[in-house]
Structures are given as C-alpha cells and as structure tokens.
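What follows is calculated from the coordinates using simple rules that are stated; it is not laboratory data. For clarity, every value in this text was computed on a predicted model and none was experimentally measured. Because the Cβ atoms are built from the backbone with ideal geometry, glycine has one as well, and the counts that use them run over all protein chains shown.
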Amino acid sequence: MGKVSGISKILHLETVDSTNLEARRQAMEGAEDGLLILCDNQTAGRGRLGRRWSSTEAAIAMSLLLRPEIDADRVSMVTIIAAMAVRDAIFKVTGLETDIKWPNDIKYHDRKLAGILSESVFRGKEFYTVLGIGINVNNEAFPDEIKEIASSLRIEAGRSFDKDELTEAVWESFFGYYGILLRDKDLRSLTEAYNRSCITEGGINEYGELIMADGSLKRSGEV
C-alpha cells in the first residue's frame, strides 16, 4: 500500500498470533501513534466478546496503534468511525453497498464481511488504543460452523481484489473521520451518515451509544 497520512510506520508480518496482541507488545516497547501491523496469517485472532477470528492470506488482518487525544471513557467512538471507513473502502474498491451492524460488524445481505475490535490499555492518566480490523477479501469458502453467516468480497462480487488497495482505502477514509472526531471530541458531525448505513434499530447518538427502544443507551463493551 502507498503512504497514508496518519500512519507513522508499517510492520508487515508473515505470521502472528494476533495483530492486536502484536500492536500491544509494540506499544509496551514505546511504539508511536500511527503504527500499523499487517499480517498474512493470523493464528489466534479475536473478535468481539472473545470470539475467535483467525485468518489466512486471503483476508486482511491488521491493527493500528493510536494514542488519541479524547476522553478515555469515549474512546469506543473509534470503533464507530472504523466501521464507517471499512464500509467506505469496500464500496470504493468493489462497488458493494454494505451495512453496519452496531457496533463493529460489516454485513452484506446479512452475511458478515468484516469485523472490528478496539481495545484500550490504561496506564495511570495515559492510555492507548489498538484498533483491529479483519476483512474477508478473497476467501473462496468458510468452515461449516460459519459458512451460513460469513462471506467474502470475492464470493459476493464474483472476482478477487487487491488487498493493498483495499487496505489503503480503509485508512484514507479512517483518518478523515478521525480528524473530525479529534476536532469535535464526539460524533455529532458523523451520526447522520453512520445511521443511514446502520441496520441496528435505534441508531447511535453523538457518543456512539446505541439508542434503545425505551430511550436508554447502550455502550460498546470494548473499552
């Protein structure tokens, strides 16, 4: 992939247990904001709620290290803009119009194409966030246990795609949204756009919280 403003360094690994875990290890060693971890094979990746998310070179598995200047209790908003960025990138590269299932799944015809896992680590008054993204790109088949709920861009579009092109498109879109988030300190400027693509009833408020039918709010459980 080409140079993207906001990414300070790219570490591309052939095999890793988890790009999120590797990003955390790098953070412990003082890695700077904007470090992107890419891998060809992920052997012990995780999704939301601890679900397993391993991947092969047919898919994209990547994690970005961020040290955002926002309130720590609002950092889950990063997941929201990441979902928007993945949706944008998929449309730009493939032409497929996908849906967002709050807070972190990208779906097409109710089958999952991508997932996002953001994890924050706190050290006194300082914290950093690791944003993990997995996208099924050129997968031709899935294990029996998930074949009814998962799909790939190749399966849906009928052709393969360049992973580097898609990766670059994700981060170009993401850092556009990220600049707005850091400016506003919330999602007030992005809520309407997110809700147009969100298939979870109720949509979100300016902090990325899901608005329930009874008017109560639900936060993403990833912070």
**Prompt:** Limited to the range 103-122, what total is found for residues that are surrounded by 17 or more Cβ atoms within 10 Å (Cβ to Cβ) and closer than 28 Å to R25 by Cα?
**Reply:** 12
**Complete:** Checking T94, T79 in turn, the sole residue that is in contact (Cβ under 8 Å) with a residue 24 or more places away in the chain, under 26 Å from Q26 (Cβ atoms) and among the polar types (S, T, N, Q) turns out to be T79
**Message:** Being out of contact with any Ser or Thr (no Cβ under 9 Å at 6 or more places or on another chain) and not small (G, A, S): is that true of Y178 here?
**Reply:** yes
**Request:** Output the residues belonging to the range 155-191 that are closer than 16 Å to N138 by Cα, of a type outside the set (D, E, K, R), assigned to a helix (DSSP H, G or I) and touching a residue at least 24 places away in the same chain (Cβ under 8 Å).
**Result:** A157, L166, T167
**Message:** It is to be established whether one or more residues within the range 192-207 are surrounded by 15 or more Cβ atoms within 10 Å (Cβ to Cβ), of a type in the set (V, I, T) and part of a helix (DSSP H, G or I).
**Reply:** no
**Request:** Hey, can you tell me all the residues within the range 93-102 that are touching a Ser or Thr at 6+ places or on another chain (Cβ under 8 Å) and either of a type in the set (F, W, Y) or exposed (fewer than 15 other Cβ atoms within 10 Å of the Cβ) (or both)?
**Result:** W102
